[in-house]
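The values are calculated or read from the model by the stated rules, or taken from the named source; none is laboratory data. All values reported here derive from a predicted model rather than from experimental measurement. Using ideal geometry, Cβ is built from the backbone for each residue, glycine included, and neighbour counts are taken over all protein chains shown.
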Amino acid sequence: MSKVGKVPVAIPDGVKVNVSKATITVSGKNGQLAQDFRPDLVSIVVDGDVATVTRKEEGKQYRAFQGLYRSLLANMVHGVAEKWEKSLLVKGLGYRARLQGSTLILDLGYSNPMEYELPKGIEAELPNPNEIIIRGIDKQQVGHTAAKIRALRKPNVYSGKGIRYKDEVVLHKAGKLGGAAG
């Protein structure tokens, strides 16, 4: 049996899970999410405060989709109960971020500041000018938004400047160590 797929999903108080023909709908205090699934491969049963995903038959494809839909369901339940969060650090002399409405304005060493419009459903918080916290109920959207912001100025392996995830370790290269040719 699939190691991920066989684990039941606990549903906390205040979260409702509805399963229709081919759609899972999860609603909670932070919002509502919906996900299509393949009822020909898996069946999803909600029993009280536990949801289980079982496959219709044995086979590689059935095991794969069982694990996939169980993970998606668990991520949706976590997102509507308590939001997903990604932290980014802005490192470099003069590099900083500021928020203007739903637009993130980043000074990243270019001649003009870069503007990034936050998508609907995503919110940003800046505890200080060098830290960005991205929050939202959809795990995929939070990760995608954080990756797009990071791509505006990836960390430089020689100097360490740029935007990185808070838990990311950037290995520094030595650079050129030779002097004048002797």
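Results, tabulated for the structure shown:
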| read-out | value |
| --- | --- |
| All strands (runs of 3 or more DSSP E) inside the stretch 66-132 with 3 or more residues being surrounded by 13 or more Cβ atoms within 10 Å (Cβ to Cβ), of a type outside the set (Ser, Thr, Tyr) and touching a helix residue (DSSP H, G or I) at 6+ places or on another chain (Cβ under 9 Å) | 84-91 |
| Within the stretch 5-30, tally of residues that are among the aliphatic types (A, V, I, L, M), within 28 Å of Glu57 (Cα to Cα) and surrounded by 15 or more Cβ atoms within 10 Å (Cβ to Cβ) | 6 |
| Selection from the stretch 31-47 of residues that are surrounded by fewer than 17 Cβ atoms within 10 Å (Cβ to Cβ) and in contact (Cβ under 8 Å) with a residue 12 or more places away in the chain | Gly31, Gln32, Gln35, Asp36, Arg38, Pro39, Asp40, Ser43, Val45, Val46 |
| Residue within the stretch 55-67 that is within 21 Å of the chain's Cα centre (by Cα) and within 28 Å of Ile134 (Cα to Cα) present | yes |
| Out of Asp167, Asp138, sole residue that is at pLDDT 90 or above and exposed (fewer than 12 other Cβ atoms within 10 Å of the Cβ) | Asp167 |
| Residue under evaluation Gly121, criteria (1) modelled with pLDDT under 95; (2) farther than 28 Å from Thr25 by Cβ, criterion not met | (2) |
| Residue in the stretch 38-45 that is under 27 Å from Gly121 (Cβ atoms) and part of a strand (DSSP E or B) present | yes |
| So Leu41, is it of a type in the set (A, V, I, L, M), more than 24 Å from the chain's Cα centre (by Cα) and more than 27 Å from Arg150 (Cα to Cα) | yes |
| Given (1) at pLDDT 95 or above; (2) more than 30 Å from Arg153 (Cα to Cα), index of the condition Lys86 fails | (2) |
| Test: Val46 is more than 20 Å from Gln140 (Cβ to Cβ) and not assigned by TED's automatic domain parsing to the domain that holds Gln140 | yes |
| Complete set of residues in the stretch 136-174 that are under 9 Å from the mean Cα position of the chain (by Cα) and assigned to a strand (DSSP E or B) | Gly136 |
